[in-house]
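J.: This is the structure I want to talk about, given as structure tokens.
Every number in this text was worked out from the coordinates using simple rules, so none of it is lab data. Here the structure is a predicted model, which is why all the values come from computation and not from measurement. Note that each Cβ is placed from the backbone with ideal geometry, even for glycine, and that neighbours are counted across all protein chains shown.
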Amino acid sequence: MIYFDNAATSFPKPPQATAAVLECITAWCGNPGRGAHDLSRRAAEKIYEVREQLSSFLGVGAPERVVFLQSTTMALNASLKGLLKSGDHILCSELEHNAVLRPLYALKKKGVTFDTFPVLGRTNNEIVQEIATRIKKNTTAVVCLHASNVCSLSLPLPEIGAFCKSRGLRFIVDAAQSAGHFPLDLRAMHIDALAVPGHKGLYGIPGCGILALGEGVTLAPLIEGGSGVDSGSHTMPEALPEHLEAGTLPVPAIASLNGGLRFIGDIGIPEVQKRARGLFLAAKDRLESLDGYEIYEKDTPGAVLLFNRRGIPSTTLARLLDKAGICVRAGLHCAPLAHKALATPEGGAVRLSFGLFNTREELDSLWHALKHAFP
Ligand code: PMP
């Protein structure tokens, strides 16, 4: 099997991550903060260690402001619903995923309005200008992804963050496709709320998302429940991270991040980017050597390559590749506005998304499969 669907979740997981999970569930997986015994204490210590690792990896500056939730989606919901109120206006990019768009559509029913700003074909300064011209009196925030899940475009976070700071706007970032692929620094980029998946570029197992908050940023909790502290109170504790972490944490998934972060740390972000670009360019060469293929945003090499064979629905193409043992994703990739902006056909396109275990030989197999399917 050849796996080109790393934007959905990275696969396989590195030995560091699987070993960390095994150690967790066999040696110390008590419920942190929920027991007067050693297993609970050890679990709490191990979780804190991962908070520290993430705080330093993401430039947060305080492990307490690293909050564990179930997913990036949950972290984005918590940020948007916790920061916006009726009457507020927010701007988002034209490339956003439904993890941002659907909470915004839901918030619309509660009196929050939003507009999108274009990014395709714009320079970094032009993107900031596009944001600036859409600011209204009641604009309180900007939300955008760092890297697209549909093509290899990324947005200039330092510039957008500096602009938001200068205008007193909250800055919410969806790092679903960038954490582990691009350097991230919450403080230097003036980010107020950063949503990160554990199971993609950080090479952890599914089950855990991270919400990293800027200094002084307070959110109303998305859900309430047990926190292990102050059980007599009717409300969630005020202090982070407990304020936002209701219910038992996904301890094995958090443990896997310890291994995933070491794996990424040993390789280093520049090398991760070099390998993704190399695979993108090799895939592009192979597709261009065949007739009838369209590649979208082909001049921005990175971990995601979007393509179509003209006249063939993307789902048909993906099914053919699946039969040849090649895993890709077809359709709209939960990002309908991004597909509209890229002008893909109604049925979307086929996405190849690369990870650290992919090879050029696998791209040769892709080429052979396509050549065989359409001689
Ligand atoms: N944003 C983007 C850009 C994504 O690609 C994804 C995952 N496809 C998400 C948000 C949501 O991530 P998760 O499914 O891990 O919550």
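J.: Just name the residue that is nearest to the ligand (Cβ to nearest atom) out of those in segment 183-209 that are assigned to a strand (DSSP E or B) and aliphatic (A, V, I, L, M).
T.: In this case the residue turns out to be ALA195.
J.: Right, another one. Are there any pairs, at least 6 apart or on different chains, whose C-beta atoms fall under 7 Å, with the first in segment 202-226 and more than 19 Å from LEU80 (Cα to Cα) and the second hydroxyl-bearing (Ser, Thr, Tyr), and if so, which?
T.: TYR203/SER10; GLY204/SER256; ILE205/SER256; PRO206/THR9
J.: If you check GLY33 against the conditions, is it under 30 Å from SER148 (Cβ atoms) and either in contact with a Leu (Cβ under 8 Å, 6 or more places away or on another chain) or of a type in the set (Gly, Ala, Ser) (or both)?
T.: Spelling it out, it is not the case that GLY33 is under 30 Å from SER148 (Cβ atoms) and either in contact with a Leu (Cβ under 8 Å, 6 or more places away or on another chain) or of a type in the set (Gly, Ala, Ser) (or both).
The rows are residues; the columns are (1) within 16 Å of the ligand (Cβ to nearest atom); (2) in contact with a strand residue (DSSP E or B) (Cβ under 9 Å, 6 or more places away or on another chain); (3) of a type in the set (S, T, N, Q).
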position: ARG277; (1), (2), (3): no, no, no
position: LYS284; (1), (2), (3): no, yes, no
position: GLY292; (1), (2), (3): no, yes, no
position: ALA303; (1), (2), (3): yes, yes, no
position: PHE307; (1), (2), (3): no, yes, no
position: ALA324; (1), (2), (3): no, yes, no
position: ALA330; (1), (2), (3): yes, yes, no
position: LEU342; (1), (2), (3): yes, yes, no
position: GLU346; (1), (2), (3): no, no, no
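J.: Of the residues VAL21, VAL60, which is over 22 Å from LEU244 (Cβ atoms) and within 22 Å of the chain's Cα centre (by Cα)?
T.: VAL21
J.: Now for a separate question. Which of (1) part of a loop (DSSP other than H, G, I, E, B); (2) crowded, with 20+ Cβ neighbours inside 10 Å is the odd one out, the single condition PRO221 does not satisfy?
T.: (2)
J.: Can you name the residue in segment 103-157 that is under 14 Å from the mean Cα position of the chain (by Cα) and more than 23 Å from ARG187 (Cβ to Cβ) and is also surrounded by the most Cβ atoms within 10 Å (Cβ to Cβ) among such residues?
T.: Within segment 103-157, the match that is surrounded by the most Cβ atoms within 10 Å (Cβ to Cβ) is SER148.
J.: If you go through segment 1-20 one residue at a time, how many are in a helix (DSSP H, G or I) and either surrounded by 21 or more Cβ atoms within 10 Å (Cβ to Cβ) or touching an Asp or Glu at 6+ places or on another chain (Cβ under 9 Å) (or both)?
T.: 3
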